[in-house]
Amino acid sequence: MSDFGNKAISGQIKSYYASVAGIAPDRIEEREFGFGSFASRIAVRHTAFGGEKELRSYLVDAAPLHVDYSAAYYKDPTAAMDKKGWLGSELRFDIDAGDIVKLPCRIEHGKEWACEKCLEAAKGEVIKLIENFLVPDFGFSAREMEINFSGNRGYHVHIRKESVLSLGKSAREEISNYIFGQEPDYDSFFYTVRIDPRHEKQMGPRPSDGGWRGKVANAFLNAAHSKEDLTSLGIDKTVANKIFANIASVRKQIEGGNWDFYSIPNRKSVFENLLSRQVINQGNRIDKGVTNDPSHLMRLPNSIHGGTGLIAKKVPSLAALELFDPMKGAVAFNTGELAVRVDSRYRLVMNGKEFGPYKNEELELPTYAAAYLYLKGLADIISSK
Ligand SMILES: [Zn+2]
């Protein structure tokens, strides 16, 4: 980091904010804003704006490295925390590739870097969050959610439905515990009933059951459409073939809660594999604070992430998310080139082009790539073209 480099980045940030549209959140005048600088992640907070014009002129003027806004709506967002007058809070979720456990590519590139695979994995987890939990278990429709790329290596989901606004801390904790909390155990799903003195029947969840039970039953039935999927759950090949060949009758039995169709000796580990496909992979560090804390500050959608120079870009729909590539769609600094000295062992892919690795090399790079490497601490900007 250097004064010269910081100035070059600030200039880029200014021109981004001068041209971006739709940067204001809903009910902007009731939101608390915070800003980060090169020196401090949150340097200023308890700030408020009367409208988009005012916010934008601040952003163009100050070119903050990070822009955050409160989950909460307040009567007076500029007052001290206990005097703000809480009016309600949106519900927020934060999914970060850095929290995904056993991500194979991370062993290669370390936890400081996010590659295409990391970003795809984070996207997979956010789709799971929406499709496995928020829609079926909480009854939110995909249209009621705002999804945005975090600007670095994950995604944020915001829900502003009237019914969530008044939820307090403990209700928010219940939601995050249900979604990210302790995994359900085998014995609460499967049990045996004695049908006569010599025979027991294996019973389990039905696809029509609510919550986790329905998820497990449905995940099994989905897997039963492919022999490979069944064996990947740990089911022996012969049994997998039988299930696959008799899918209609297996389905019927499971619909009745009867899991006694074939002998699966390692049923418990199959169940655990089924479950691990449903659970959102966010490790132990899950950022529950984001969901649980009604006064949390989070990066403003469509603002610049000062750790990458990328846009914390809004993704218009769940369908658009499936196709979204942040290293193309969230690139901000699209004009010109910057001269840099780079020392980076990583291969950076942006806008479909590859950059690096570089061994302490001086070269000119497109502004977006130079900014990304500079903000990651892997390059110094030496003079602009
Ligand atoms: Zn990776």
Self-check item: the stretch 226-255: number of residues that are of a type in the set (A, V, I, L, M), surrounded by 12 or more Cβ atoms within 10 Å (Cβ to Cβ) and part of a helix (DSSP H, G or I)
Solution: 7
Exercise. Determine whether Glu125 is under 26 Å from Val101 (Cα atoms), assigned by TED's automatic domain parsing to the domain that holds Leu318 and more than 14 Å from the chain's Cα centre (by Cα).
Key: no
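Residue by residue, here is whether (1) modelled with pLDDT of 85 or more; (2) under 15 Å from Met145 (Cβ atoms); (3) outside any helix (DSSP H, G or I); (4) not assigned by TED's automatic domain parsing to the domain that holds Ile13 holds:
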position	(1), (2), (3), (4)
Val270	yes, no, no, yes
Val290	no, yes, no, no
Asn302	yes, no, yes, no
Gly307	yes, no, yes, no
Ala320	yes, yes, no, no
Quiz item: Is there a residue being in contact (Cβ under 8 Å) with a residue 60 or more places away in the chain and either in a loop (DSSP other than H, G, I, E, B) or under 30 Å from Met327 (Cα atoms) (or both) anywhere in the stretch 201-210?
Solution: yes
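Given the criterion touching a residue at least 60 places away in the same chain (Cβ under 8 Å) and either over 20 Å from Ala71 (Cβ atoms) or surrounded by 20 or more Cβ atoms within 10 Å (Cβ to Cβ) (or both), identify the matching residue among Asn281, Asn258, Asn292.
On inspection, the qualifying residue turns out to be Asn281.
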Quiz prompt | From Ile95, Ile100, residue being on the phi < 0 side of the Ramachandran plot and touching a Cys at 6+ places or on another chain (Cβ under 9 Å) | solution = Ile100
Quiz prompt | Members of the stretch 28-67 found to be surrounded by fewer than 22 Cβ atoms within 10 Å (Cβ to Cβ), closer than 20 Å to Leu91 by Cα and of a type in the set (D, E, K, R), listed by number | solution = Glu29, Glu30
Quiz item: Of all the residues that make up the stretch 150-197, how many are part of a loop (DSSP other than H, G, I, E, B), at pLDDT 90 or above and closer than 24 Å to Val101 by Cα?
Solution: 4
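Would you say Asp68 is charged (D, E, K, R), within 17 Å of Asn148 (Cα to Cα) and in contact (Cβ under 8 Å) with a residue 24 or more places away in the chain?
In short, yes.
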Quiz item: Filtering the stretch 104-140 down to residues that are closer than 28 Å to Trp212 by Cβ and in contact with a strand residue (DSSP E or B) (Cβ under 8 Å, 6 or more places away or on another chain), which residue is farthest from the ligand (Cβ to nearest atom)?
Solution: Phe140
Quiz prompt | 2 or more residues within 16 Å of the ligand (Cβ to nearest atom) and either outside the structural domain of Ile23 (by TED's automatic domain parsing) or not basic (Lys, Arg) (or both): qualifying strands (runs of 3 or more DSSP E) within the stretch 45-103 | solution = 91-96
Quiz item: In the stretch 336-352, which residues are in a strand (DSSP E or B), without any contact (Cβ under 8 Å) to a residue 40 or more places away in the chain and under 16 Å from Ala114 (Cα atoms)?
Solution: Ser344, Leu348, Met350
Self-check item: Residues satisfying the stated conditions in the stretch 322-335, i.e. surrounded by 14 or more Cβ atoms within 10 Å (Cβ to Cβ) and either touching a Pro at 6+ places or on another chain (Cβ under 6 Å) or not in a strand (DSSP E or B) (or both)
Solution: Phe324, Asp325, Pro326, Met327, Gly329, Ala330, Ala332, Phe333
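This table checks each residue for (1) within 30 Å of Gly377 (Cα to Cα); (2) touching a helix residue (DSSP H, G or I) at 6+ places or on another chain (Cβ under 6 Å).
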{"residue": "Tyr17", "(1), (2)": "yes, yes"}
{"residue": "Ile42", "(1), (2)": "yes, no"}
{"residue": "Glu54", "(1), (2)": "no, no"}
{"residue": "Tyr58", "(1), (2)": "yes, no"}
{"residue": "His66", "(1), (2)": "yes, no"}
{"residue": "Lys84", "(1), (2)": "no, no"}
{"residue": "Ala122", "(1), (2)": "yes, yes"}
Practice problem: Please state which of the following conditions Tyr374 fails to meet, knowing it meets all the rest: (1) among the hydroxyl-bearing types (Ser, Thr, Tyr); (2) part of a helix (DSSP H, G or I); (3) in contact with a Pro (Cβ under 7 Å, 6 or more places away or on another chain). | Solution: (3)
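The values are calculated or read from the model by the stated rules, or taken from the named source; none is laboratory data. Given the structure is predicted, the values throughout are model-derived calculations rather than measurements. Neighbour counts run over all protein chains shown; Cβ positions are idealised from the backbone, glycine included.
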